[in-house]
Structures are given as C-alpha cells and as structure tokens.
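Participant: Have a look at the structure that comes next, please.
Please treat every number below as a calculation from the coordinates, not as lab data. Since the model is a prediction, treat every value here as computed from it, not as a measurement. Note that we place each Cβ from the backbone using ideal geometry, even for glycine, and neighbour counts take in every protein chain shown.
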Amino acid sequence: MLFLGAVGCSTTSVQGRFPCPDDVLAQWRIPAGWVVRELTPARARVEVVTANVSKDSAEARWQALESQWRDGDQYWLYRRPEADTINALGVQEGVVLIRGCDQLGFATTRIAVEPATAR
C-alpha cells in the first residue's frame with residue numbers, strides 16, 4: 001500500500017498553533033505534534049471521501065465529527081510521523097476536530113506501510 005502523498009510538517013511550534021496548557025495537550029488522543037495543517041470543512045470531507053481505509057468506518061467517524069462541529073471549530077490534518085510508527089499499521093493520517101483546547105474526535109483516513117511521497 002502506498003500513500004498518494006505526504007504532508008509537510010508545519011514550521012510553527014505546537015504551542016504557537018495550539019496555545020493550550022501542556023497538561024491539556026498531553027491528554028489529546030492524537031498528539032499535538034502530529035497535527036500538521038488546518039483544513040476547511042470541505043477539504044476535511046474530501047480527506048474522508050478519499051480514505052484508503054474502510055469507507056464505512058471513515059464515514060461513520062466523519063458523521064460523528066460533523067455532528068459536533070460548530071462555528072469556530074477547526075478541522076486539522078494529522079499525520080503520525082514515520083519515526084512514531086510502532087506496529088504493522090505503519091504511517092497513519094486523518095482528520096481531527098479541535099475546539100479551543102479540546103480535541104473532539106478524529107477520523108483515520110489513510111494507513112500505509114511504505115513511506116509517503118510529497119503531495
């Protein structure tokens with residue numbers, strides 16, 4: 001399985017992107033360091049529609065995110081760095097919904113066992 005592309009990491013620090021207390025960030029299910037780029041709601045939806053994981057699972061998780069979304073919330077693309085890969089699932093990518101300092105949920109959209117290429 002091969003990613004269609006990789007996501008460049010943001011040059012802005014985690015604290016710069018998410019000015020939240022460290023203890024709050026430590027509770028996030030998707031680590032703040034994996035969150036790489038803000039997405040519009042439309043682009044977040046495209047990420048889910050083009051998922052290379054179970055369409056039913058991705059769609060169900062998207063519905064859960066979309067039902068929670070309200071003005072001011074942010075969708076972000078997350079990507080587990082290859083260095084953090086600890087099992088056969090390999091590289092993982094998806095969409096996470098953030099409200100202020102709260103991570104409301106996520107939908108995994110891509111899993112690959114080979115390194116990604118630029119997209």
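Participant: Given a Förster radius of 22 Å and the C-beta distance between Gln27 and Arg70 as r, what FRET efficiency does 1/(1 + (r/R0)^6) yield to the nearest 0.05?
Facilitator: With R0 = 22 Å, the Cβ-Cβ based efficiency is 0.55.
Participant: I need the calculated FRET efficiency for the pair Thr40 and Ala60, taking r as the beta carbon distance and R₀ as 22 Å, to the nearest 0.05.
Facilitator: 0.55
Participant: Determine the shape class of the stretch 14-112: with a ≥ b ≥ c the square roots of the Cα gyration tensor eigenvalues, call it rounded for a/c under 1.5, and otherwise prolate if a/b is greater than b/c, oblate otherwise.
Facilitator: oblate
Participant: Follow-up question, since we're still on this one. From the backbone phi of the stretch 23-37, what are the Karplus-calculated ³J(HN,Hα) couplings (6.51 cos²θ - 1.76 cosθ + 1.60, θ = phi - 60°) in whole Hz, Gly and Pro given as x?
Facilitator: 5, 6, 4, 5, 8, 4, 5, 9, x, 4, x, 7, 7, 10, 7
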